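The values are calculated or read from the model by the stated rules, or taken from the named source; none is laboratory data. What you see is a predicted model, and the numbers here were worked out from it, not measured in a lab. Quick reminder, even Gly has a Cβ in these numbers, built from the backbone with ideal geometry, and neighbours come from all protein chains shown. The accessibility values were calculated without ligands, DNA or RNA, using every heavy atom of the protein model including side chains. Shrake-Rupley method; radii C 1.70, N 1.55, O 1.52, S 1.80 Å.
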Amino acid sequence: MRKVIIYLALFLILISKTNAQKQIWNETETEKTERLAWWVEDRFGMFIHWGAYSLAGRHEWVKRMEKMSNDEYQKYFDNFNPDLYNPTEWAKMAKNAGMKYAVITTKHHEGFTLFDSKYTNYKVTNTPYKKDALREWVDAFRAEGLKVGFYYSLIDWHHPDYTIDRLHPQSPKTNDQYKELNKNRDMKIYRKYLKNQITEILSNYGKIDILWLDYSFTENQAGPGKGRDDWGSVELIKLVRKLQPEIIINDRADVKKNKGGWDFTTPEQFKVVNWPTYEGKKVPWETCQTFSGSWGYFRDELTWKNNRQLLVLLIESVSKGGNVLLNVGPTGRGTIDNRAESALSKIGDWMKINNRSIYGCTQAPPEFEVPENSLLTYNPETNRLYIHLLDYPLKNFTLKGMKGKIKYAQFLHDASEILIKKRYGHWNVTNSGINENDINIELPINKPEVEIPVIELILK
Ligand code: GLC
């Protein structure tokens, strides 16, 4: 019996130890909800991919895609001189589009830093541009009232101690070649570098609202991957939490299992079917998306999404409880090109008159059935339900099970009343599919001049 008790005690100690190791941050669920409240409310942000690759103008992965060496890639660094860079203009474009926060690449996989760093020479202040472009960016975006976030790439294709892995531009074919190439590289030194640079960006630029770390990947037949142990993720996130206790962190440092290791999940270029869950629970999420098929400026890429697709993406994400981080890839001269500018401005046209169905909104409670060809969002504060009409209906429109629930109905864009019909169905239709608990509303025949019109229901 005594033996059993001793074993049990040892077992419990072991469990509590592993749990303690798992915990990165001690925060209650309520505290977390409060910390994330502004971000959930805001729903819509701008992603910015800008670096030396912007000069190539053919994808931010160009170094890897074309297997360039550091020497071959050096031309982009040597010519980095964005003479038209005006981050206030960028911030105004984001704001006009209805975006409330922005996340910029402080360093992408290429290793080039957009900030002045004590720990590398491969930084913006050593290019012909000379200035700390990140500082200008932070100042401009903050001044426009936008929240600021930093993307920082864990991957680094320039640092001499970063081991060659399967994604690296110099990745070879065989294990022996990997060994040979990596024999003088030391990830311990790189881990220190990560910590130092994260410390710099989270100490020298005031309050940072979001940290976007990118990314971890497993080993496969092509070669080695990298994850939590390579990055020293547990220590790294602890450091982040210490430096910026209110910051919101994404989920790509491979510490999903550690409490406090991440705040939201990041479906990339992917429309989720349902609200994403982790261990059975719905989690905060944000989909990041591009206008066209690249994050960095890509001159010849032509698969640009249209205005409607982008609006549906935003509405649909909110209808499933999520955020959208929509990307621009500024040019080597520091401008947002016409295609992106016009896309932003069209989103802004819609947002100006319809943003009430986005900000502060989330998935509608399940009691509200989604009407035909539409998307629902719901504001729990104001108790209003928003019906986004994806395919404009013909005059009468049925809301299933809504009888007795609506105080008032109007179009959102012009606050014009929408009449709820007294009589259901039609005089000579015996079975129109409208039941007792349904209501029928009357819409104008002509679709309002709004890409996706929204009906606002003020509920009882
Ligand atoms: C990917 C890509 C990268 C891009 C990022 C945005 O991880 O490697 O180029 O920055 O996604 O989510």
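Sorting Arg228, Arg252, Arg43 by accessible area puts them as Arg228, Arg252, Arg43; the probe is 1.4 Å, largest comes first, and only protein heavy atoms count. Taking amide hydrogens as placed 1.01 Å from N in the peptide plane, the amide H of Lys123 sits under 5 Å from those of Thr113, each at least 5 positions away in sequence or on another chain. For segment 380-460, the ratio of Cα radius of gyration to the globular rule of thumb 2.2 N^0.38 Å stands at 1.10. Cross-link partners for Lys147 among the aspartates and glutamates, with Cα-Cα distance under 18 Å and sequence neighbours closer than 8 places in the same chain left out: Glu34, Glu41, Asp42, Glu89, Glu136, Asp139, Asp209, Glu246, Asp263, Glu286.
Note on Tyr408 and Glu436: their simple-model spin labels are 3.0 nm apart, each label 7 Å out from Cα toward Cβ.
Placing a pseudo-label 7 Å from each Cα along the Cα-to-Cβ vector at Thr199 and Leu313 gives an inter-label distance of 3.8 nm. Here the label points at Asn26 and Asn81, each 7 Å from Cα along the C-beta direction, are separated by 5.5 nm in the simple model. Scaled against 2.2 N^0.38 Å for its residue count N, the alpha carbon radius of gyration of segment 333-374 is 1.75.
Apolar share of the accessible surface for segment 374-459: 48 percent from carbon plus sulfur atoms, 1.4 Å probe. Ordered from longest to shortest, the equivalent ellipsoid semi-axes for segment 68-182 are 33, 16, 11 Å, each the square root of 5 times a Cα gyration tensor eigenvalue. In plain terms, the bigger the Kirkwood radius, the slower the diffusion; for the chain, with that radius from Cα pairs, at 37 °C and 0.692 mPa s, Stokes-Einstein puts D at 134 µm²/s. Here segment 121-244 is described by how far its Cα atoms reach on the three principal axes: 53, 35, 22 Å, from widest to narrowest. Remark on segment 191-337: hydrodynamic radius 17.3 angstrom, per the Kirkwood mean of 1/r across alpha carbon pairs.
Could you please put Thr218, Thr113 in sequence from largest to smallest accessible area, using a 1.4 Å probe?
Thr218, Thr113
Extension gain for the segment Ser342 to Phe217, taken as residue separation times 0.36 nm less the Cα-Cα distance, is 41.5 nm to one decimal.
Take segment 29-357 with all the other protein chains still there, run a 1.4 Å probe, and you get 41 Å² of accessible area per residue. The residue among Gln269, Gly206, Ala52 whose Cα reaches farthest toward the positive pole of the charge dipole of the chain, with charges on the beta-carbon of Lys, Arg, Asp and Glu, is Gly206. Computed over protein heavy atoms with a 1.4 angstrom probe, the accessible surface ordering of Glu449, Glu110, Glu34, Glu136, largest first, is Glu449, Glu34, Glu136, Glu110.
Across the cross-link table entries Lys107/Lys188; Lys207/Lys271; Lys422/Lys460; Lys63/Lys346; Lys281/Lys352; Lys100/Lys259, which are compared at the Cα atoms, the separations over 24 Å belong to Lys207/Lys271; Lys63/Lys346; Lys281/Lys352; Lys100/Lys259.
Hey, quick one: spin label on Asp300, modelled 7 Å out along Cα-Cβ, who in segment 52-85 has an amide N within reach, i.e. under 12 Å? Hits in segment 52-85 for Asp300 at 12 Å: 57-59. Using the empirical formula 2.2 N^0.38 Å as the baseline, the Cα radius of gyration of segment 1-134 reaches a ratio of 1.68.
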